[in-house]
1. Looking only at the range 537-576, count every residue that is in a helix (DSSP H, G or I) and not β-branched (Val, Ile, Thr) and tell me the total.
2. Test TYR148 against the stated conditions and say whether it is in the same structural domain as GLY97 (by TED's automatic domain parsing) and modelled with pLDDT under 95.
3. Which count do you get for residues in the range 170-222 that are closer than 21 Å to GLN363 by Cα and in contact (Cβ under 8 Å) with a residue 40 or more places away in the chain?
4. Applying the selection to the range 23-61, what residues are assigned to a loop (DSSP other than H, G, I, E, B) and either free of Cβ contacts under 8 Å to residues at least 40 places away in the same chain or outside the structural domain of GLY325 (by TED's automatic domain parsing) (or both)?
5. Give me a count of the residues in the range 146-163 that are within 19 Å of the chain's Cα centre (by Cα), outside any loop (DSSP other than H, G, I, E, B) and more than 17 Å from ILE104 (Cβ to Cβ).
6. For the range 623-651, which positions are aliphatic (A, V, I, L, M) and in contact (Cβ under 8 Å) with a residue 40 or more places away in the chain?
7. Please go through the range 673-690 and give me each residue that is in a loop (DSSP other than H, G, I, E, B) and either under 16 Å from GLN726 (Cβ atoms) or outside the structural domain of LEU736 (by TED's automatic domain parsing) (or both), ordered by number.
8. Could you tell me how many of the residues in the range 696-742 are charged (D, E, K, R), assigned to a helix (DSSP H, G or I) and within 28 Å of ILE394 (Cβ to Cβ)?
Amino acid sequence: MRFKNQLALLSILLVFFNCKNKEYSEKIYEKPEIVREASARFLSPEESMKTFYLPEGYEVELVASEPMVDEPITIAWDGNGRMYVAEMNTYMQDVDGTGTNRSISKIKLLEDLDGDGKMDKSTVFIDSLMLPRMILPLENELIVNETYSYDLWSYKDTNGDGVADTKKRVYYNPERRGGNLEHQQSGLIWNLDNWVYTTYNPMRFKFKKGEVIVDSLDNMPSGQWGLTQDDMGVMYYSSAGAENPAYGFQQPAVYGDYNPKGRLSEGFMEPWPIVGTPDVQGGPKRLREDNTLNYFTGVAGQEIFRGHRLPPSTYGDLFIPEPVGRLIRRAKVKVEDGKRVLYNAYDQAEFMASTDLNFRPTQAKTGPDGALYIVDMYRGIIQESNWTKKGSAIRPVIVRKGLDKNIGKGRIYRIVHKDIKPDKKPNLIGKKASELLEYLGHPNGWYRNTAQKLIILKDDLSVVPELKALVQNNQSFWDKWFNSDKDFGIERVHALWTLEGLGVVDKNLIKEKFTDKDPRVRATAIRLSENFLKAGDTDLFSDMNKLAQDASIDVVKQLALSLRYSKSEKATALLNTIHSKYENHEIVSHAVTESLKKDDSKLEQLKERISNRSLGDKKSIVKGYDAYNQLCITCHGADLKGVITEEGSVIAPTLIGSPRVIGDKGVLSKILLNGLIGPIDGKDYGIMMPLNTNSDAWIADVLTYVRAMNDADGVHKRVVSNARKQSADKEGYWTLEELEKE
């Protein structure tokens, strides 16, 4: 009888297991014959959707289209699932980008009134903006950043009509953001660690009790359009300028930029479009014989999918839109001996591809309903005007195909699976902090992060005992089986960070979590112990010694990363102990090496290097260093020697020892003012974009920094001013041959 009961229980478990692990088809579509020269004519949303190719079982649904949205660039949801859409209504309205910098762009508020997943109502939430690029919904307000500005503004709708009626600047920086609009910051994502991060700008923000706290991170990664995070708050950056689809994802950004070789698998950089892509900035060298893009170039708006209403195999995958190739890459994130490595999920094919030349996916997002959302700017030109000037390889193609005429539209889609129904709209706004706790373990990462954010914004300390109970709630094997939708380990991770966000960092609780059964919780406890390490507390080291022997590489790595914040000899000794065991382990060894430096501030190293210079030179060099790291670093790299791709090629020429850098200051200024095209030292790197929209002082500071790194004297803004006057009539980019005649 007892044996029969065991068999019955086993049968029940097997049925449950099969339901929980239902297999969904992942068969890739049969690739169509490549369309070498597709028409550039506008298609209706329904027509365009017929050009999409997706793996078997996946379907595309239209969420919104013109005239409801116009030139959409990014989206975000509030706690009730209302969608904010930022539009760049002046972006590339002709081949020269005429009128780009007019303040007429909008942010719209879209609402699904009947719950069918399609938006029914569109309201202009904010009007008259300068190319809005970052939006962050809080509880009853929207934080907004506009192009060319560092400022953050808070907008509120106080009467519920869907239109913002109050505006308040919550962060002010008098400096104007340099560079063109492609080389501006993006992101503004509320990270697991409760800091809000952006790309480029080495600042992070914390929204606490109605105030904005600002912190700087000297060595964090620098990216372009797109920023996303995984379950543990590790962020993924990308850079179209450096043709780099993913980097910075080996560790949390606070520990610096680390990109070991091999993070992208062999062949990962090759995209597989199904339509000819002649409008590529790199020209013929970036095309295969069949006229398709042979290398990632327009990567933007990537997303780690953390939704629960697609097949489970998609969870944690990285989706990378490639608007130049009219496709979306699905990358599998595999951890190989502690190193995260990206693989294309399909063999010489993409998750989503289109033959519509106007399909321009600029962002992927995990939706509150658990589906994957795609923002399609749907337009002819995707490159900014600095790359479409006379003399560029792309301009004749744009004109020939009539791509410059295709403006003023836009679509938002969601990817669903035919066997899985998306969730209903969320209803989190207005809930008490105690009512939000249950969502910290929700299977959809959007819910977990949103609930954490809202609890912290409410600043209700009455939920602290319940949060601590969640942290201590180590569910058993059976509890996990019969609560199959909940990941109790990640719930404890969020509960710990929510406590941190409320200002409650309990040392005894952290020590207890050093031995949690889930390595993610142990790693989180180590990160939270940094508060005590920074204060000189040495009480934790007896427990940390045991963590150095942890079975999880991720836990050991986190310990090595966190110990940098302690000045104690015990920390150094423990780092050396870890190093002796993991000396040949690439990832852990790097963490140990960096932490043993204790202070790895590149800015401090720079100040030491220029200590003998005049005060004026020092100020100019430091300003130039900051400007370089927010723009030039994308292609020229942190070491000024040019960014090296995964395949070993160099994106831009080295600035160290360059005869142009250490040569005539006027000629050097002209290169920055009007840009450069053509071969350099026998190699064609493409286009060095013009920077003449920046002030003479800004350009002088950048050049002074670059020359200082070559131990040469600085450049005064008068030199730049004279160069600007001399090249006032210059159309297009310089070539070295032209400059040599100057």
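1. 24
2. So TYR148 passes the test.
3. Residues flagged as closer than 21 Å to GLN363 by Cα and in contact (Cβ under 8 Å) with a residue 40 or more places away in the chain within the range 170-222 amount to 19.
4. GLU23, SER25, LYS27, GLU30, GLU33, ARG41, SER44, LYS50, GLU56
5. 1
6. Once the filter is applied, which keeps residues that are aliphatic (A, V, I, L, M) and in contact (Cβ under 8 Å) with a residue 40 or more places away in the chain, the range 623-651 yields ALA627, LEU631, ILE633, ALA638, LEU640, VAL643, ILE651.
7. Selection gives GLY675, PRO690.
8. So the answer is 5.
The values are calculated or read from the model by the stated rules, or taken from the named source; none is laboratory data. In this text the structure is predicted, and so the values were computed from the model without any measurement. Cβ: placed from backbone, ideal geometry, glycine included. Neighbour counts: every protein chain shown.
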